[in-house]
Structure formats: C-alpha cells, structure tokens
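What follows is a short report on a single structure.
The values are calculated or read from the model by the stated rules, or taken from the named source; none is laboratory data. These numbers were taken from a predicted model, which means no experiment stands behind them. Neighbour counts are summed over all protein chains in view; Cβ atoms, including those assigned to glycine, are modelled from backbone coordinates with ideal geometry. For the accessible areas, the whole protein counts, side chains as well, though only heavy atoms, and no ligand, DNA or RNA atoms are used. Shrake-Rupley method; radii C 1.70, N 1.55, O 1.52, S 1.80 Å.
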Amino acid sequence: TRFVNLGAQINSKFWDSHPFVGVDSSCNLVLLWASDRNNPFHAVTNLENEVQQKGNSDIFYAFRINGRWSEAKILEGGNINTSDYYEVSPYISCMGVAPMLLFASNREKDYDIYYAPIELDFEKATITSIGEAKMFSKINSPGREVYSINTNSDEMFPIVSMNSSGEQFLYVSSDRFHTPAKLNKDTLIASK
C-alpha cells in the first residue's frame, strides 16, 4: 500500500482536512472535506490594531468518475457554508436513498451537529442542497448532556451506523464529559 497525493485539483496549499468518501453502485466516488482555501487569513488586524476574525473553513466536494477526479467545488446553498463560521467534518448518510449531509459548525459558539437534505448527481458531478441546514436539538442543562446530540461542549465528526436489526445510530465525537484538573500551574483536560 502506498499513499498517493490527489493533486492540485483536490489539494490546496491551505488547510484541507476532515475527508469523507462515499461510493455509488458503479464504484464512482464522492469526496467531501473542510478547507480554508477561500479564506485562509481568517484573523486580520485593522488600522486600530484590533483583531477581527471571520469563519474560515467551508465544505468542498469532488467526484471521481471513471477513474478521474472532477475539480473541487464549494458546496453551495441551504445555508450549509457561512462566511462567519467554521463548517467541518462532513458526512453523508443514506447516500443511495435520501442523502443527508451531516456536518459540524460553530454557529452557536461551540461546535454542534447540523443536517441538510442534499441531492447527489454522479452524472453531472454535483451536490445540490434541497433544504436548509438545521441544527439537531441542544440541551443546555448540566447533567442531562447524555440525552442530547448537541450540548454546550463541542460535537463533531458525525457518522451513522446500522445494527443487524436495521436500527440506525448517530455517533458523534464530543468533549461534553471532559474533566478539568490542575497539575502544578497547568490545566489538563481528561475526557471520559
């Protein structure tokens, strides 16, 4: 096994990360990832010496049809990508039936999981938003975080899995159960 760089069609000289790869019934691929290629300088200092920040990462995609990669495109529409926040960790569930884009964004100051219905067109190599992105419900009550997808902590990297009975489960990475601890003068975070 060897690693192959996907080249300038996919990779930029900026931050490209959090890839997701889906496949259709003809073994064509769709690749989604987060990138700051459209706004790599998200923190700037104005003439009053104040630092101004804007969101810098958006979700991009490309298709590999018959062994060739399409050009990278930004995913447009449905308020999926924003100019003021970070959109990261894309994932598509139910690709062949009713595709749903899941991703994380820091629109509520912490990272939360959002979802948006999309249409995948492997012939035209396009992804079209067919509805607005919505945030899964959020619980702000300490001690009840276990019952909610989103909390006041960071939730990222959604993935859907199905068990042998056909039940679907949404898994997310979260730091909701982190425990700050002091060691000398440093603060350590231990996740559960």
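A few notes on this one:
- Heavy-atom SASA rank of 124, 134 (probe 1.4 Å, accessible area, largest first): 124, 134
- Region 111-125 residues near the modelled residue 24 label - backbone nitrogen below 18 Å, point 7 Å along Cα→Cβ: 118-125
- Rounded if a/c under 1.5, otherwise prolate or oblate - region 69-110, Cα gyration tensor axes: oblate
- Apportionment of accessible area to carbon and sulfur, region 1-141, percent (1.4 Å): 50 percent
- Going by accessible surface with a 1.4 Å probe and the largest first, 69, 33 read 69, 33.
- When 45, 1 are compared by accessible area of protein heavy atoms, the largest-first order is 1, 45, using a 1.4 Å probe.
- Accessible surface of residue 114 - all protein chains present, 1.4 Å probe, nearest 10 Å²: 10 Å²
- Prolate/oblate/rounded call for region 5-95, Cα gyration tensor, a/c under 1.5 rounded: prolate
- Amide N proximity, region 155-173 versus residue 97 label position 7 Å along Cα-to-Cβ, cut-off under 18 Å: 159-171
- Calculated accessible area for region 1-108 comes out at 58 Å² per residue, all protein chains present (probe 1.4 Å; ligands, DNA, RNA ignored).
- The label-point distance for residue 128 and residue 173, in a model that sets each label 7 Å from Cα toward Cβ, rounds to 3.3 nm.
- Once backbone amide H atoms are built at 1.01 Å from N, residue 79 has 133 as its partners under 5 Å, excluding neighbours fewer than 5 places away on the same chain.
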